[in-house]
Amino acid sequence: MRRAFLILPVALGLALAVWLWGFGGMDRVAAWAAQGQRDAQNAIAGMLRQLRGGDAAAWSGLLGLCFAYGFFHAAGPGHGKLLIGGYGVGRRVPLARLVGLALASSLMQAVTAVALVYAGVFAFQWGRERMISVAETMLEPLSYAAIALVGLWLLLRGLGHLRRAWAHRGHHRHDDGSCSCGHSHGPTLEEAGEVRSLRDAVALVASVGIRPCSGAVILLILGHLMEIDMAGIAGAVVMALGTASVTMAVAVLAVSMREGALAQRMGGAGAARTASVIEVVAGLLVLVVASQLALSAL
């Protein structure tokens, strides 16, 4: 019964992937998300005008719309989901930690948007078009390239684990990955997947957060022009929380899929090899997709 429960996320994930890429589901989701973003953006502009006119009650409407915009923005094709999902499948990350990384990466996008807009306004005297151009033509490809490097790292790391595991597969192993000679040959399941360093977290958050949401940039510019800067900043943060609501859900699905797949091997050296294969596949997927997105954004 427990094994059947663990298999369920894997089955659901595979079914979702087939629908998205095999039956045109991705195009439908993208169109739905784009329309939702347009509707929310138009309504946000109206709420900003109400705030500018002194209507304090418009605060709740503005923040609600900003959250909705962030949700629709994340629901469409995006690099945050790609990295969080690929990393969660490729490495054995505690669920709470991956969810925290998803939240941090989304909030980092808001920080980047604020930094870009106010540096552009006060330091470089950039206009709206220039700031959006920097976000979309410079920071977006840079973010995709950074994500591709994370994918390459996952791929190489998984290949290294797989090579060591297969090099010593002839030894008699115990469940902990050691052999009768008293030494360990190749990674155990825990060694193959555990996140141990702050470096991993920084790389993930920075690669996603370096590219601000264009909607947040526009909101911040409008807020500054209308002299309601705090409304723009608060709205950008809430947009990031809306984005995080989707990426955190992806994190939960990714961890559930990985644990469900590894549950079939019941631990030991076989599970460690399976974990290495999963890491290789996840890294390759992230590398290929992020590279394609980087090239298309140039």
Looking only at the stretch 130-160, how many residues end up being buried (at least 21 other Cβ atoms within 10 Å of the Cβ) and of a type in the set (Ser, Thr, Tyr)? 2
Across the stretch 216-249, what is the total count of residues that are farther than 17 Å from Trp126 by Cα and in a helix (DSSP H, G or I)? 20
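How about the stretch 44-135: which helices (runs of 4 or more DSSP H) wholly inside it have at least 1 residues that are touching a residue at least 40 places away in the same chain (Cβ under 8 Å) and closer than 30 Å to Leu284 by Cβ? It would help to see each step written out before you state the result.
Values: elements: 58-75, 79-90, 95-122, 128-133.
Qualifying helices (runs of 4 or more DSSP H): 58-75, 79-90, 95-122.
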Flagged pairs (Cβ under 6 angstrom, 6 or more apart or on separate chains; first in the stretch 235-250, more than 9 Å from Phe67 (Cβ to Cβ) and modelled with pLDDT of 90 or more; second β-branched (Val, Ile, Thr) and surrounded by fewer than 24 Cβ atoms within 10 Å (Cβ to Cβ)) are Met248/Val99
Is it true that Asp229 is of a type in the set (D, E, K, R), closer than 30 Å to Val134 by Cβ and at pLDDT 90 or above? yes
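The values are calculated or read from the model by the stated rules, or taken from the named source; none is laboratory data. Fair warning: this is a prediction, and the values are worked out from it, not measured in the lab. We place every Cβ from the backbone using ideal geometry, glycine too, and count neighbours over all the protein chains shown.
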